[in-house]
Amino acid sequence: MRIDVVSIFPSYFDGLTLSLLGKARATGLLDLQIHDLRNWAGDRHRTVDDTPYGGGAGMVMKPEPWALALDDLASSGPEAVDRPTIIFPSPAGELFRQKTARDFAAREHIIIGCGRYEGIDERVFEYAASLGEVRLVSLGDYVLNGGEVAAMAMIEAVGRLIPGVVGNPESLVEESHEDGLLEYPSYTKPAAWRDRSVPDVLLSGNHGAIAKWRGEQQLERTRQRRPDLLSD
Ligand code: SAM
């Protein structure tokens with residue numbers, strides 16, 4: 001899978017050289033390219049923002065550098081991909097969920113455009129739709145300073161679903177949100193620690209009883225912490 005990220009702060013993404021995703025990049029499972037939007041700016045100050053039409057606080061990202069960046073990146077992806085998926089992190093977008101991550105993990109070429117300031121000139125989204133499938137995606141109902149942290153969260157959630165990135169594929173299946181529920185509680189050694197014991201059933205060796213207990217815990221946890229998931 002190829003992911004191109006466009007940002008005015010490329011070094012935000014340095015963390016994605018570490019751990020499982022770093023390894024996936026090194027072994028070629030994930031081709032992640034980070035680009036500086038200012039490389040497509042047309043003036044010597046490499047300007048990417050301007051004042052908003054209609055007035056108001058803050059600055060808006062100019063359309064020209066974005067269009068040039070998208071033109072270049074949309075035409076430089078994997079040969080088999082005619083139209084990339086173009087994601088713009090936005091607090092005004094659809095909510096990013098595990099099923100969104102699964103959907104994106106099946107794509108071969110994704111471009112992520114990270115907004116800053118008050119966001120990107122609206123016409124960029126219309127233009128991008130002529131090049132690929134555009135998705136405005138929100139990390140949650142709050143406002144971040146820029147799209148970089150949201151992009152990193154999405155890349156990590158999507159990247160770990162690429163076959164081979166997580167060593168044991170079994171560990172993906174049982175996780176929170178995979179079946180619409182939260183995961184059951186986990187324990188490791190020692191069995192007794194600071195007056196707290198691991199639930200007896202987990203020490204019983206009875207796989208049927210363990211599976212039943214875990215299923216009950218998943219339901220109970222979800223009911224308590226995220227009842228909204230049960231009505232989805
Ligand atoms: N004025 C915009 C609004 O009210 O919808 C918010 C702009 S925000 C300060 C700057 C950038 O941060 C956005 O263009 C987007 O890329 C990113 N961003 C902020 N909150 C986000 C969220 N919850 N999910 C994804 N991206 C977010």
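Within 16 Å of the ligand (Cβ to nearest atom) and either aliphatic (A, V, I, L, M) or open to solvent by 40 Å² or more (accessible area, probe 1.4 Å) (or both) - does that describe any residue in the stretch 73-84?
No, because not a single residue in the stretch 73-84 is within 16 Å of the ligand (Cβ to nearest atom) and either aliphatic (A, V, I, L, M) or open to solvent by 40 Å² or more (accessible area, probe 1.4 Å) (or both).
Can you tell me which residue in the stretch 128-146 is farthest from the ligand (Cβ to nearest atom), limited to those that are open to solvent by 30 Å² or more (accessible area, probe 1.4 Å), in contact with a Phe, Trp or Tyr (Cβ under 8 Å, 6 or more places away or on another chain) and not charged (D, E, K, R)? I'd like the intermediate steps shown before the answer.
Within the stretch 128-146, the first condition is being open to solvent by 30 Å² or more (accessible area, probe 1.4 Å), and the residues that meet it are 129-131, 133-136, 139, 141-145.
Cutting the leftovers down to in contact with a Phe, Trp or Tyr (Cβ under 8 Å, 6 or more places away or on another chain) gives us 134-136, 139.
With not charged (D, E, K, R) added as a condition, the list becomes 134, 136, 139.
Numbers: V134: 14, L136: 9, L139: 4 Å.
Among those residues, the one meeting the criterion is V134.
Condition first: open to solvent by 90 Å² or more (accessible area, probe 1.4 Å) and of a type in the set (K, R). Now tell me which residues in the stretch 178-222 satisfy that.
Passing the criteria: K189, R194, R196, K212.
Name the residue that is farthest from L30 (Cα to Cα), counting only residues in the stretch 159-196 that are among the small types (G, A, S) and touching a helix residue (DSSP H, G or I) at 6+ places or on another chain (Cβ under 9 Å).
Keep residues of the stretch 159-196 that are among the small types (G, A, S), which gives 159, 164, 167, 171, 176, 180, 186, 191-192.
Imposing the further condition that a residue be touching a helix residue (DSSP H, G or I) at 6+ places or on another chain (Cβ under 9 Å) reduces the set to 159, 164, 167, 176, 180, 191.
On the way: G159: 7, G164: 10, G167: 15, S176: 24, G180: 27, A191: 39 Å.
Only one residue tops the list, namely A191.
Go through the stretch 108-126 and give me each residue that's more than 16 Å from the ligand (Cβ to nearest atom) and either touching a helix residue (DSSP H, G or I) at 6+ places or on another chain (Cβ under 8 Å) or open to solvent by less than 50 Å² (accessible area, probe 1.4 Å) (or both).
Across the stretch 108-126, the qualifying residue is only H109.
Within the stretch 149-165, is there a residue that is under 30 Å from the mean Cα position of the chain (by Cα), over 18 Å from Q98 (Cβ atoms), within 16 Å of the ligand (Cβ to nearest atom) and surrounded by 11 or more Cβ atoms within 10 Å (Cβ to Cβ)? Reasoning before the result, please.
In the first step, residues of the stretch 149-165 are kept if they are under 30 Å from the mean Cα position of the chain (by Cα); the result is 149-165.
Applying the additional criterion that residues be over 18 Å from Q98 (Cβ atoms) yields 149, 164.
From what's left, within 16 Å of the ligand (Cβ to nearest atom): 149.
Add one more test, that the residue is surrounded by 11 or more Cβ atoms within 10 Å (Cβ to Cβ), and what stays is 149.
Within the stretch 149-165, one or more residues are under 30 Å from the mean Cα position of the chain (by Cα), over 18 Å from Q98 (Cβ atoms), within 16 Å of the ligand (Cβ to nearest atom) and surrounded by 11 or more Cβ atoms within 10 Å (Cβ to Cβ).
Let me confirm something: among L21, L70, which residue is in contact (Cβ under 8 Å) with a residue 40 or more places away in the chain and more than 16 Å from the ligand (Cβ to nearest atom)?
L21
Does L68 satisfy being of a type in the set (A, V, I, L, M, F, W, C), touching a helix residue (DSSP H, G or I) at 6+ places or on another chain (Cβ under 6 Å), farther than 28 Å from R102 by Cβ and open to solvent by 60 Å² or more (accessible area, probe 1.4 Å)?
On the way: of a type in the set (A, V, I, L, M, F, W, C): yes; touching a helix residue (DSSP H, G or I) at 6+ places or on another chain (Cβ under 6 Å): yes; farther than 28 Å from R102 by Cβ: yes; open to solvent by 60 Å² or more (accessible area, probe 1.4 Å): yes.
Taking the combined requirement at face value, the residue satisfies it.
The values are calculated or read from the model by the stated rules, or taken from the named source; none is laboratory data. Just so we're clear, the structure is a prediction, and the values are computed from it rather than from any experiment. All Cβ positions, even for glycine, are placed from backbone atoms using ideal geometry, and neighbour counts span all protein chains on display. Heavy atoms of the whole protein, side chains included, go into the accessibility calculation; ligands, DNA and RNA do not. Shrake-Rupley method; radii C 1.70, N 1.55, O 1.52, S 1.80 Å.
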